[in-house]
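Colleague: Before anything else, here's the structure in question.
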């Protein structure tokens, strides 16, 4: 990733509509009192952090990253690297969700308890406005974490400024963050565990390690290693799924069993990726 030092890094040949979005975002950020950004390690919150620091200055914005068994190790490393490059005023914390049995029991609204722990912890650490990287597209999805955000007066500058996912990716690219701009979505590791199956740290570590192996071996556009009542399901984008040979499939299944020794011999299924397929039951 590249170092950002001033607003001139933003491309000068932007469309008028995108320029308007940038101006909107700047105004929104300037309206907050000593903002604190919850940085997950994904493109949304990291792009927001980079732009906010350029807009407000290092002394007027803070970033906080929660280190958790549910956060992919690559995400935490990404935050650490970018924070060092840009000199973020950042704090690394434990939000405490793994001490909350309501979260560990993995109900369909598990994200509500995760975000509640995060935002309540941030409220204790800082007196400023808590910000998230939520964008307009997120509002069309089932996200119980948004209720936790509302309960804790969390603000969503991308939503207020009218940014869709494609807009914030363009912003990342315009800031010189080319790698970040094309970063695939990577929800928390707990989202791979079927509703009702208890969240366990060793299972999440196995999921993370297996997905890293799979990415390094097959370079898929999407891979989700899911834990289900029936066993392990490996969900892949259509192109990758169709490209697999029988030998590939045998290797994928064998490696899945190797990465999950705690399960013994269980069923391993390879199927097409379906967003949110681990959420089972009535949405609360």
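The numbers here are math on the coordinates, done by the rules we state, and not lab data. Note that the structure is a prediction, hence the values are computed from the model and not measured. Glycine gets a Cβ as well: all are built from the backbone with ideal geometry, and neighbour counts include every protein chain shown.
Colleague: Can you sort 92, 214 so the residue with the fewest Cβ neighbours within 10 Å comes first?
Modeller: Taking fewest neighbouring Cβ atoms as first place, the list is 92, 214.
Colleague: Something else: To the nearest 500 deg cm²/dmol, what mean residue ellipticity at 222 nm is calculated for the chain from DSSP H runs of n ≥ 4 alone, each contributing -39,500 (n - 2.57), summed and divided by the residues?
Modeller: -13500 deg cm²/dmol
Colleague: Given the Cα-Cα distance of residue 34 and residue 56 and 0.36 nm per residue of separation, how much length would full extension add, in nm?
Modeller: Full extension of this stretch gives 7.0 nm more.
Colleague: To the nearest 10 degrees, how steep is helix 165-174 against the longest Cα principal axis of the chain, on a 0 to 90 scale?
Modeller: Relative to the chain, helix 165-174 is tipped by roughly 60 degrees.
Colleague: Shifting gears a bit: With the alpha-carbon atoms as the only input, what is the per residue convex hull volume for the chain in Å³?
Modeller: Given the Cα convex hull of the chain, per-residue volume reads 128 Å³.
Colleague: Determine the percent antiparallel among the DSSP beta bridges restricted to the stretch 132-284, to the nearest 5.
Modeller: Percent antiparallel among DSSP bridges in the stretch 132-284 is about 45.
Colleague: Measure nothing but the geometry: give the 0 to 90° angle between the long axis through the Cα atoms of 43-56 and the longest principal axis through the Cα atoms of the chain, rounded to 10°.
Modeller: 10 degrees
Colleague: Starting with the fewest neighbours, write out 212, 71, 79 ranked by other beta-carbon atoms found within 10 Å of each beta-carbon.
Modeller: 212, 71, 79
Colleague: Relative to the first principal axis of the alpha-carbon coordinates of the chain, what is the inclination of helix 73-86, with its axis defined by its Cα atoms, in degrees from 0 to 90 and to the nearest 10?
Modeller: 20 degrees
Colleague: If we count other beta carbons within 10 Å of each Cβ, what is the order of 65, 156, 33, fewest first?
Modeller: 33, 156, 65
Colleague: Please figure out what share of the DSSP beta bridges in the chain is antiparallel and state it in percent, rounded to the nearest 5.
Modeller: The antiparallel proportion sits near 25 percent.
Colleague: Quick one: give the max-minus-min coordinate of the C-alpha atoms of the stretch 14-181 along each principal axis, largest first, in Å.
Modeller: Sorted from largest, the Cα extents of the stretch 14-181 read 48, 34, 30 Å.
Colleague: What residue among 42, 264, 133 shows peak mean-square fluctuation when the chain is described by a Gaussian network model with Cα springs under 10 Å?
Modeller: 264
Colleague: Let me ask something else about it. Give me the number: length gained by fully extending residue 238 to residue 137, i.e. 0.36 nm times residue separation minus the C-alpha to C-alpha distance, one decimal in nm.
Modeller: 34.1 nm
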